[in-house]
Amino acid sequence: MNSIVEKFEHVMMPIASKISSNKYLLAMRDSFSMLLPFIIVGSFFGIIEWVVLDPWGTIMGPDGLGLGKSFTGLDQTSDAYKASSFVGTMQMLQGLCNNVVTVGFGVFSFLLVAAFAYRLGGIWGGDKFSTALTAIGAFIIVTPQQVVGKAGDKMGAFSLDYFGNKAVLTAIIVATVAAWIFVKLSKNEKLRIKMPETVPPAVSQSFAVLVPVFVTLFTFTVFSTILSNCQFLGKAALNDLIYAIIQAPLMGFSQGIGVSILYQFIVWFFWWFGIHGHNVTAAIQNMVYMPAQLANQAGDAAYVFSNGFFEAGLMHIMGLVIAIFIFSKKDSWRAVAKLGFPAMLFNIQEPIAFGLPIVLNPILLIPYILAPLANTVVGWLAISAGLVPIFKYVVPWTMPLFFEAAIGTGSVAGGILQVVWLVMDVFIYAPFVIASNKIKDEEAEEEA
């Protein structure tokens, strides 16, 4: 095992070093990390809204624990239950939670534009704050507005579909292009409007970037106008165009085991480099596997591979945590595992990924990618054989082990599948955790 690890170190570390030193990828990684608190908080309130407070959900609903009937004494299918003050209170609390969920997910791409452009402005030598604001303006320009309101009182409004997770790829593209144009222009002294020294610095900086901001936003305005009036492209918005280009060729192949394995490989390979693999591949997830999830829920189809299927597999890191508790002799690994264990109960892997670290750690590369691939194959076989129902109910990805798959499939068999996955993952990670102990012992002997 040590010789295998050494070979991977020899091959992967130079590649990892080049990728980890790429400023653009570093900016992308940092921008996703900046938004992590919003995601975690949004997920927490999402669990409360969808699972706890929903009058017809997992806790209160008749198909769950049925506590709604216990509290009201009413039949949950009756009009009296629907009109009860209990349901009204629950829905009011749901609305309060939904406000927080919207910040975490509904406007995620909008926040990503600001964070990513801010980091790009820094690494490319521009004013970071001005770069972020310019990119936000560009993103709004390419985002179509919908006309709402009554006749004579109509106004434009933005759909959250263009600001949430579905627009991640659009956000990355717009932030990159807008930041590059703005920084390039702002470095051109001929385009900078210079003010007298007596003018306050903030005002002077505003005039200095006036022309670059104008040119950048005007460029996006022309692009958006051409796109929205182009008959050949179907008068599509940028986000709609990206969906059409990616979704069409993938929909026919999304249920193949080979494509699903490739998708998982890409996701976790990005994660190993410290880049949020799920957000990078969000276009595929939202255009292919989320529609499959919704089709399952509506009863229009029975797709094996759906968003819920892959989210249930996020817990494979827990296999590493358990393997560390059982087999690791490294105090540092055990300490990080203890700190990261509570977060992993809710499928939040960042403390383990960056604290252990898993990121750019050659000894963990193989199991880190192999475990989710093995889970995909076993899950595909179990569902195809009829042992486990398809994932048809939308469940927050932070739902704990067993409950996530049990609720998602509507069957205890789903929860058992997750437990089987966990046992497999422990065995997959165990040899590499043991190998890390031996490497430590050899290093200690050399030092002695």
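The values are calculated or read from the model by the stated rules, or taken from the named source; none is laboratory data. What you see is a predicted model; the values in this text were computed from it and never measured. Positions of Cβ are backbone-derived with ideal geometry, glycine not excepted, and every protein chain shown enters the neighbour counts.
Apart from one condition, Leu364 fits all of (1) part of a helix (DSSP H, G or I); (2) within 30 Å of Ala301 (Cβ to Cβ); (3) touching a residue at least 40 places away in the same chain (Cβ under 8 Å); the exception is (2). Just to verify a result, which residue in the stretch 175-197, among those that are outside any helix (DSSP H, G or I) and not aliphatic (A, V, I, L, M), is nearest to Ala115 (Cα to Cα)? Filtering the stretch 175-197 for residues that are outside any helix (DSSP H, G or I) and not aliphatic (A, V, I, L, M), the one nearest to Ala115 (Cα to Cα) comes out as Lys187.
When Ile390 is tested against (1) at pLDDT 90 or above; (2) buried (at least 20 other Cβ atoms within 10 Å of the Cβ); (3) assigned to a helix (DSSP H, G or I), only condition (3) is not met. Scanning the stretch 134-146 for residues that are free of Cβ contacts under 8 Å to residues at least 60 places away in the same chain and within 23 Å of the chain's Cα centre (by Cα), we see that the one that is surrounded by the most Cβ atoms within 10 Å (Cβ to Cβ) is Ala135.
Residues in the stretch 410-422 that are part of a helix (DSSP H, G or I), without any contact (Cβ under 8 Å) to a residue 60 or more places away in the chain and more than 16 Å from Asn347 (Cα to Cα): Val412, Ala413, Ile416, Val420.
Restricting attention to the stretch 323-361, the residues that are in a loop (DSSP other than H, G, I, E, B) and closer than 19 Å to Val41 by Cβ add up to 5. Residues that are assigned to a loop (DSSP other than H, G, I, E, B), at pLDDT below 85 and not hydrophobic (A, V, I, L, M, F, W, C) within the stretch 126-166 comprise Pro144, Gly149, Lys150, Gly152, Asp153, Lys154, Ser159, Gly164, listed in sequence order. Here Thr72 meets the list (1) within 28 Å of Phe108 (Cβ to Cβ); (2) modelled with pLDDT of 80 or more almost entirely, failing just condition (1). Just one of the listed residues (Gly46, Gly42) is assigned to a helix (DSSP H, G or I), touching a Cys at 6+ places or on another chain (Cβ under 9 Å) and either aromatic (Phe, Trp, Tyr) or surrounded by 19 or more Cβ atoms within 10 Å (Cβ to Cβ) (or both), namely Gly46.
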